[in-house]
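Notes to accompany the following structure.
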Amino acid sequence: MHDVIASYFPVLVFGVIAVGIAGAMLGGSLLAGHQKPYAEKTSAYECGFEAFDDARRRFDVRFYLVAILFIIFDLEVAFLFPWAVSLSHVGLFGFLSMLGFLGMLTVGFIYEWCKGALDWD
Amino acid sequence: MNWIIAFPELVLTLCGLVILTVGVVQKKSTNPFAACSMLTIAAFAITGFLVTVSPDGSGYEHVFVNDGFARFMKVLSLIGGALATIMTLSYRGTSGGGRFELPVLILFSTIGTMLMASSDNMMTLFVGLELSSLAIYILCAFDRDSVVSSESGLKYFILGSLASGLLLYGISLTYGYGGTMEYGAIRTVLIQSGGASLGLMLGIVFLIAGLAFKLSAVPFHMWTPDVYQGAPTPVTAYLAGAPKIATFALILRIMAGPFGALAPQWQLLIEMISVLSMVFGSLAAIPQTNIKRLMAYSSIGHMGYALMGLAAATPGGIRGTLVYLTTYLFMNVGVFAGIAAMRRKGHETTDIADLSGLGRTSPGLALMMAIFMFSMLGMPPTAGFFGKLMVFSAAYGAGLYGLLAIGAITSAIGAYYYLRIVKVMYFDASAPAFDTRSPSLAFLSVSMGIVTALFVLVLGPVTSAAQAAASALIG
């Protein structure tokens, strides 16, 4: 049991370093930087929503569509990584299987493109 | 790598992708619905042929198996998919005009049912079931401008996800206590250990619960009436056919294969589900006024009868279940083709009262509906009689006299509501006539009527095919 915990020591080191660097960056900018906030500067930008608001507010259903489309290609990458690592084990059959999977996703992509799911208007 | 055993599935998948692409690249002015439906039917026909000539074997690292049983179930699934696609040809949603995704989704769902029939591993079981179910969730809500259709899709999705969760829990327990997910290996483990641990038994119970949900067997039937009523009629016809047959393929395969050594333990469970389904299906159908709801309760009852063959746990019982499912597939499609033809001025009507006097206003349709009703209640010489006869005789052979008695009583109760429809059609005052039937619905109801009425002519080949399938399952 002790060995198992000891084997996680590098993770602890990693965590400490990460927290240290992130803290140094945030704290440094807080201490050294010039703080001149005004309404326009502190407002949310690019994402389009107030950061702190009622979670049950209505929003455009198109955001949902974009999120769904994102998930498909997100998962594709999640499958590609283990496949790329184990390519020498899965051989030609595994290679072709993944190509089939990608082809299937491409058909889905053509479908959503032709259906106009990628146009915002 | 013995990849050729899944060739029919690969071909059907490829066809589905091609049809989807063909449908979506069409110009806005042309509606590719009819063309895509025709292509889908052709794809089903080609795949059906490929299934019948596909070789036996196991492959893909023991997750996929092809044997006589898988072929029998796949052919039934494909027939169910093709008949439902023919029915969609006349389907127009609330907003008018068919959308080509309907046949494509039926096709993808059917690929799932084929995978279920070929599963040799809990993983394939789950993937096949989900592939088939996810397409059906969309199909149920396909008429998206209609509130009832959206409601049916949402209900089926939420309850179906719950059932998938139960099933996964069962699979994980089986894996945890059995140490493997391969059917053959589970069987070996169970025979060597000479019995199942409590955890494994719990896993089997959860597996049965998850599959019984998809079968709409009592006590997991609550979704059935709402989903059947709300979904578009061709989708309901599909839902009651291919997916149920494939779920039966799963439950038969895992009960006879990996858990075959535990038959005395699970037999009682299947018996209880069977009895409850038969009793509930026949009693709850009596007060119904909507024919789609009535058919939902009727299907719950029919699943009870079909489970009777599994409860017997003999090759004869499995043969009976397979013949029962075959007859049910045809008469069910016939009834729903009749229901889809119940349209007045372009609007669907689904009340039983709307059938009043159909024997005078539309004698052909009334005759077909009467044949299906007689078959549903098991009147000789229609198809339904032979299915019932086989499961009843299997139950008798296995000494399940209580089950047999309850089956006989519920059949008699069922006769009341089936005959009530015949009475409404022939003896009640005439309601206004329905719209002219579209050719596809007329073709379906007449051809299914002929199959149902003259099933005795093909009884021999069907029975011997079912016999071969059953003996592939129990060596």
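The values are calculated or read from the model by the stated rules, or taken from the named source; none is laboratory data. None of the values given here were measured: they were computed from a predicted structure. Ideal geometry is used to build each Cβ from the backbone, glycine not excepted, and the neighbour counts take in all protein chains shown.
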Considering only helices (runs of 4 or more DSSP H) wholly within the range B:344-419, the ones with at least 3 residues that are surrounded by fewer than 19 Cβ atoms within 10 Å (Cβ to Cβ) are B:363-377, B:383-397
Matching residues, the range B:25-37, being farther than 13 Å from B:Gly98 by Cα and either part of a helix (DSSP H, G or I) or not small (Gly, Ala, Ser) (or both): B:Val25, B:Gln26, B:Lys27, B:Lys28
If we scan the range B:186-200, do we find a residue that is touching a strand residue (DSSP E or B) at 6+ places or on another chain (Cβ under 8 Å) and not acidic (Asp, Glu)? no
Going by the conditions given, is B:Ser298 closer than 19 Å to B:Ala163 by Cα and out of contact with any Ser or Thr (no Cβ under 7 Å at 6 or more places or on another chain)? no
Just give me the residues in the range B:423-439 being surrounded by 19 or more Cβ atoms within 10 Å (Cβ to Cβ) and not in a loop (DSSP other than H, G, I, E, B), in sequence order. B:Val424, B:Met425
Could you check the range B:42-62 and list, in sequence order, the residues that are within 25 Å of the chain's Cα centre (by Cα) and buried (at least 18 other Cβ atoms within 10 Å of the Cβ)? B:Ala43, B:Phe44, B:Thr47, B:Gly48, B:Val51, B:Ser54
In the set A:Ser86, A:Ser97, the lone residue that is over 23 Å from B:Thr13 (Cα atoms) and either within 14 Å of chain B (Cβ to nearest Cβ) or more than 21 Å from the chain's Cα centre (by Cα) (or both) is A:Ser86
Assess whether B:Ser447 counts as being under 21 Å from the mean Cα position of the chain (by Cα), surrounded by fewer than 20 Cβ atoms within 10 Å (Cβ to Cβ) and not aliphatic (A, V, I, L, M). yes
Failed criterion for A:Val19 (all others in (1) within 25 Å of B:Thr21 (Cβ to Cβ); (2) among the β-branched types (Val, Ile, Thr); (3) away from every other protein chain (no Cβ under 14 Å) hold): (1)
So which residues in the range B:129-140 are in contact (Cβ under 8 Å) with a residue 40 or more places away in the chain and surrounded by fewer than 24 Cβ atoms within 10 Å (Cβ to Cβ)? B:Ser133
Tally up the residues in the range B:10-61 that are aromatic (Phe, Trp, Tyr) and within 14 Å of chain A (Cβ to nearest Cβ), please. 1
Selected residue [part of a loop (DSSP other than H, G, I, E, B) and of a type outside the set (D, E, K, R)] from A:Ala78, A:Ala67, A:Ala117: A:Ala117
Run A:Ile72 past the list (1) touching a Gly at 6+ places or on another chain (Cβ under 8 Å); (2) more than 14 Å from every other protein chain (Cβ to nearest Cβ) and report the number of the one that doesn't hold. (2)
Residue within the range A:103-113 that is assigned to a loop (DSSP other than H, G, I, E, B) and within 14 Å of another protein chain (Cβ to nearest Cβ) present: no
So the check is Cβ under 7 Å with 6+ separation or different chains; which pairs have a first residue in the range B:446-466 that's more than 13 Å from B:Gly387 (Cβ to Cβ) and a second one that's not in a helix (DSSP H, G or I)? B:Ala453/B:Thr382
Residue pairs meeting the criteria (Cβ under 8 Å; at least 6 apart or on separate chains; first outside the structural domain of B:Ala43 (by TED's automatic domain parsing) and in a helix (DSSP H, G or I), in the range B:72-90; second aliphatic (A, V, I, L, M) and surrounded by fewer than 24 Cβ atoms within 10 Å (Cβ to Cβ)): none
Which of (1) surrounded by fewer than 21 Cβ atoms within 10 Å (Cβ to Cβ); (2) part of a helix (DSSP H, G or I) does B:Asp145 not meet, given it meets every other one? (2)
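Listed here are the residues, each with its yes/no results for (1) of a type outside the set (Ser, Thr, Tyr); (2) touching a residue at least 12 places away in the same chain (Cβ under 8 Å).
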| site | (1), (2) |
| --- | --- |
| B:Glu101 | yes, yes |
| B:Ile111 | yes, yes |
| B:Ile158 | yes, no |
| B:Ser161 | no, no |
| B:Leu168 | yes, yes |
| B:Ile171 | yes, yes |
| B:Gly179 | yes, no |
Segments classed as helices (runs of 4 or more DSSP H), wholly inside the range B:185-288, with at least 2 members that are under 30 Å from B:Arg92 (Cα atoms): B:198-215, B:224-230, B:233-239, B:242-256
Restrict the check to the range B:229-236 and report whether at least one residue is surrounded by fewer than 24 Cβ atoms within 10 Å (Cβ to Cβ) and outside the structural domain of B:Leu310 (by TED's automatic domain parsing). yes
Here the residues within the range A:9-30 that are loosely packed, with under 10 Cβ neighbours inside 10 Å and either in contact with a strand residue (DSSP E or B) (Cβ under 8 Å, 6 or more places away or on another chain) or modelled with pLDDT of 90 or more (or both) are A:Phe9, A:Pro10, A:Val11
